[in-house]
Amino acid sequence: MNGYFNKVSGKDVEFYEKLLGSKNLSISEEELVTNSIDAYPGMFYKPEIVLWPETSEQVSSILRYSYDRLIPVYLRGGGTGLTGTVPIYGGVLINLVKMNKILTVYEEDMQVVVQPGIVYNTLNKELEKYDLFFPPDPSSGSVCTIGGMVASNASGLKAVKYGTTKDYVLGLEVVLPDGKIVKLGSRTFKYSTGFDLLKMMVGSQGTLGVFTEITLRLKHLPEYIETGVAFFPSIERAVKTVYQIIRNGIDVAAIEFIDEQMIKVVSEFKKLQLPESKAMLLIEAHGTEASVSETMKRCVRIMKDNEAVEIRVAKDIEEREKLWAARKGAYPATLRLGKYMIISDVVVPISKLLDAVLNSYEIGRKYGIEVQVIGHFGDGNLHVHWTSRDDKEKIGLLHQANEMLAKWVIEVGGSVSGEHGIGVEKKKFMKIQHGEAYKMMLDVKRLLDPRCILSPGIIFDLEEVVH
Amino acid sequence: MNEYKYSELMLDEYLEDVWKCIRCGFCNSVCPTSNTSFSYMSSKTSRGRIILLQAYFSGILRKPLRDRELQELLDYCFGCRRCLEVCPPGVRIPYMLWRAKHIGRRHNLLNKLIYSNYGSFEKLCSNFPSLSNNILRSRFGKILLELLVGIDRRIDFPEFHDVSLEKWIRMNRSSTSGKRLAYFIDVFTNYHEVGLGIEVVRLVEKLGYSVEVPDQREAGTLLLEAGMMDKAIKVAKENVESLYKYIMNGASILTSSPAAYIALKYDYPEILGDSKSKLVSEKTLDIIELLIKEYEDGEIRFNEKNSGRIIYHHSCFTKASGLTKHIKRLLTLAGYNLIEVEECCGIGGVWGMSKKHYNDSLDVGSNLFIKLRSLSSPVASQSETCRIQIRNNAKVRVEHPFSYISKAIELK
């Protein structure tokens, strides 16, 4: 569909400049380049102009104008996306980092209204004053923005207890592709008022609208936290431990799995001196001192039954933070092994976890590539790292292996993405993941964005949206 | 050789680091210049700078690496090294960027001369302390410094001392026996904070050490930050050669400046990569480490008469040096109630003193200054340039942590 969109012209630049002021736009080569790629190991796709709006009305004007002019518009927050939400067709890139304010804290209702560009950790730091927090805890929390989290329905390390971003989004102000501003949801957790358009927006990765105000429900900060690690002589034992903890209804806040090679990687990254073993579990419990102690006791019993060779409890906050910092940096830290890698984000029913891990290694062997597995095993979410160290020739094999696992996951009733989204990377799986329902998604996209100016090429191929 | 090949060659082993970055952005979260009023622009962030290098070496960025605008963006890294602690793949960001800056270095002759010889320049000024101080204090002198060296006229420099620490030690050594310490003083302490150096020497002599002053040049951190790699390597070699002789004669190397410590401990082995610099690194200990050792060996104890509130400012270099936990422990043992502040002051060595970046440095440090003013307690900060910036802009008392700790020390 080359030539479908109009290029950004001098007159367009003038319009955007008049709207936003000269400080809030850039056409410098350096700025375009640095907005042309995210954390997905893909190619550079340069926008033709970068805009930094500061109000919903400005976003609306940008979209209305671009819609009329048939100029593609892409969105960017922290730029930490792992699936390639980049300006494939050039055009305008709206960078939302200047819309980074906390608009209202409803302390009594445990809710907050924010602009999309606020960084996850910054929000939680501010919420600490109220003994509140927004729990999903993605690994990229120090950089990613709330807008990006809603757009990709992000979650992370604590989803097993607290759920994912969509469980916390109560309301959205959305600027639609034609510039219309709509409000979705309410300030109540429950509602039964027709189609749930709010939840439809969550995870849409910038293809249906721009979120300019986000209302989130919050949780009370846990009174007491304990974190522990356990090391196992086999993957089977570690996965069985996870299964038994979940099956017995033990209220853990996190159960992270880290395999042998990744133990070495994270240990080196944070100088942790972790012992060598086949697998490690990182477990955390939140609650009162008594309830946490009980939870950890029950976990330790199961770990011991499964022959854990060593069990450690973090002795202080510093040690706990170091353990989590190591885990949060695990994906990028894999590049210590070599520069070519891709990551999968599959989710399986927890009864299939062991099969999923073993199958990943088997696929790796089949393609002659290396495999490392980590994951939020409490909710069945695996991050398989397919790596070829520094062997460029094998990049194709990494993708083939990833595809093979994804297809198996769909067969067993799982999902190709638990928290990263589709982007450009996983478009190829959409039809097999959703079957007939995929057409419904396309219809929704066509209804809201008939000219497909908003994030074209993301989730859907442009050709499928616009005939 | 074409420009691209030349750049590859200059990046050398750090070219691999360019590709190790997966753009997770963790560095942005700690990078002082990536959390300012101007860092909404991706090109003015830490990750942005790496993306620029990736784009250049991928042929996407169609500009030479020496391009002025591109170099100005790379210059927003002032080498604080906070990124090294959080980068999961272990990209050696500042070291990589110094190489890239070296390609585009653009210093006028006078600048180059002063930067490459700032130790000698300081020495010269210290020979005429009254005259130098009068010039430094005068409006005319400040304008002259700005015009000639590019140092912003708004900065108040600490005065030159009547006698350099080096001279003082040679004249006042009270002990020539005992465990040998070769003091790598670095320029600032040598000429401006002589009192601090004297306190250090007196204490370690009481602890049974003999202090010597080897021939030494400036640590050279400034040269690295300015992308003057060749000069930095030359200075590093000279210092290593000199210190190595002392080590061979049984001495350990003592530092009290975090810039000096980092240079010997990490930078020299990194940029020289030879066995001598590695040995110098192994044998270097900061006064803070020495005090911890003496405390653990039972040679010193602390009275707690000094108890009071102190704000401990985490200077970037102290964080990078790994000395933070020791400083906090010593201040606590000395009876102080610590309030920690993590924010960067923005000075970044000479980076924030330059006319070009002084406003940027105030932007970086603005949150810190507000916090320090509101807390209104004495501040401890290990870095000399942080202390200048804090004194000038937060207008609060700020000292090296040693100055607070030493008051509470009792010898066995």
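The values are calculated or read from the model by the stated rules, or taken from the named source; none is laboratory data. Everything numeric in this text was worked out from a predicted model, so none of it was measured. Glycine also receives a Cβ, built like all others from the backbone with ideal geometry; neighbour counts cover every protein chain displayed. Areas reflect the complete protein model, heavy atoms only, side chains present, ligands, DNA and RNA absent. Shrake-Rupley method; radii C 1.70, N 1.55, O 1.52, S 1.80 Å.
Along its first, second and third principal axes, ordered by size, the protein assembly as shown spans 89, 70, 58 Å in Cα coordinates. For region B:11-46, a reduction of at least 30 Å² in accessible area between the chain on its own and the assembled protein chains (probe 1.4 Å) is found at B:E16, B:W19, B:K20, B:I22, B:R23, B:C24, B:F26, B:S29, B:Y40, B:M41, B:S42, B:S43. Excluding ligands, DNA and RNA, the accessible surface per residue across region A:10-116 is 36 Å² with a 1.4 Å probe.
Of the beta bridges in the protein assembly as shown, as assigned by DSSP with both residues counted there, near 65 percent are antiparallel. Spatial offset of region A:1-38 relative to region B:310-389 amounts to 39 Å, using the alpha carbon center of each.
Legend: residues in region A:36-65 shielded by at least 10 square angstrom of accessible surface upon adding the remaining protein chains to the isolated chain (1.4 Å probe, heavy atoms) are A:I37, A:D38, A:A39, A:P41, A:F44, A:K46, A:W52. Only the Cβ atoms of Lys and Arg (+1) and of Asp and Glu (-1) were treated as charged; on that basis the dipole of region A:250-375 about its Cα centre amounts to roughly 300 debye. Residues in region A:247-258 carry Karplus couplings, in order, of 5, 8, x, 6, 7, 8, 8, 7, 9, 9, 9, 9 Hz; the curve used is 6.51 cos²θ - 1.76 cosθ + 1.60 with θ = phi - 60°, and Gly or Pro positions show x. The accessible surface of region B:307-387, taken with every protein chain in place and a 1.4 Å probe, is 53 percent carbon and sulfur. Solvent exposure of region A:278-393 amounts to 40 Å² per residue of accessible area, where only protein heavy atoms count and the probe is 1.4 Å. When the Kirkwood radius is taken over all Cα pairs of region B:272-366, what Stokes-Einstein diffusion coefficient follows at 4 °C and 1.567 mPa s, in µm²/s? Translational D for this selection: 81 µm²/s.
In summary, the aspartates and glutamates within cross-link reach of A:K322, defined as a Cα separation below 13 angstrom excluding same-chain residues under 8 places away, comprise A:E268, B:E85. Using a probe of 1.4 Å on the protein chains alone, the accessible area found for B:M353 is around 10 Å². In order along region A:436-448, the Karplus-derived 3J(HN,Hα) couplings, from 6.51 cos²θ - 1.76 cosθ + 1.60 at θ = phi - 60°, round to 4, 4, 4, 5, 5, 4, 4, 4, 5, 4, 5, 5, 7 Hz, and Gly and Pro are given as x. Split the accessible area of region B:109-149 by element, probe 1.4 Å, and carbon with sulfur accounts for 71%. Calculated mean residue ellipticity at 222 nm for the protein assembly as shown: -12500 deg cm²/dmol, from DSSP H runs with n ≥ 4 weighted as -39500 (n - 2.57), summed, divided by the residue count and rounded to 500. Close amide H pairs (under 5 Å, H built 1.01 Å from N) link B:S354 with B:D152, residues at least 5 positions away or on another chain. Loop-located chymotrypsin sites (Phe, Trp or Tyr not before Pro) across region A:424-461 with a Cβ neighbour count of 16 or fewer within 10 Å are lacking, with loop assigned by DSSP. On a per residue basis, region B:165-292 carries 35 Å² of accessible surface, using protein heavy atoms and a 1.4 Å probe.
Our Cα-only numbers for region A:224-331 put the radius of gyration and Dmax at 12.9, 35 Å.
Derived scalar couplings between HN and Hα for region A:450-467 equal x, 8, 6, 8, 9, 6, x, x, 9, 6, 10, 6, 3, 4, 7, 8, 10, 8 Hz in order, rounded to whole Hz, by the Karplus curve 6.51 cos²θ - 1.76 cosθ + 1.60 (θ = phi - 60°), x for Gly and Pro. In loop segments of region A:283-315 as defined by DSSP, the trypsin sites (Lys or Arg not before Pro) with at most 15 further C-beta atoms inside 10 Å of their C-beta are A:K315. Protein heavy-atom surface of region A:224-331, 1.4 angstrom probe: 47% of the accessible area is carbon and sulfur, with nucleic acids and ligands not counted. Chains A and B together bury some 2800 Å² of accessible area, summed over both sides, with a 1.4 Å probe.
The Cα center of region A:181-237 and the Cα center of region A:319-350 differ in position by 21 Å. Pairs of Lys residues in region A:113-207 are counted when their Cα atoms are under 22 angstrom apart and they lie 8 or more places apart or on different chains; the count is 14.
Here region A:338-430 yields Rg over Rh of 0.94, to two decimals, using C-alpha coordinates and the Kirkwood radius. For A:S417, the residues whose modelled amide H falls within less than 5 Å of its own, excluding neighbours fewer than 5 places apart on the same chain, are A:V347. For A:F257, B:F128, the ranking by accessible surface with the largest value first comes to B:F128, A:F257, using a 1.4 Å probe.
Measuring between their Cα centroids, region B:149-215 and region B:113-142 lie 18 Å from each other.
Of all beta bridges that DSSP places with both ends in chain B, some 15 percent have antiparallel geometry. Which residues belonging to region A:105-151 lose at least 50 Å² of 1.4 Å-probe accessible area when the assembly is complete, relative to their chain isolated? When all protein chains are present, A:V143 each give up 50 Å² or more of accessible surface. Mind scanning A:K297/B:K325; B:K206/B:K412; A:K264/B:K283 and naming the pairs with a C-alpha gap bigger than 21 Å? Beyond 21 Å: A:K297/B:K325; A:K264/B:K283.
How tilted is helix A:395-411 with respect to the longest principal axis of chain A? Cα atoms for both, answer in degrees (0 to 90, nearest 10). Tilt of helix A:395-411: around 80 degrees.
Calculated on the Cα set of region B:3-103, radius of gyration then Dmax: 12.4, 36 Å. Amide H contacts of B:V398: B:V379, each under 5 Å away and 5 or more positions distant or on a separate chain (H built 1.01 Å from N in the peptide plane; Pro and chain starts excluded).
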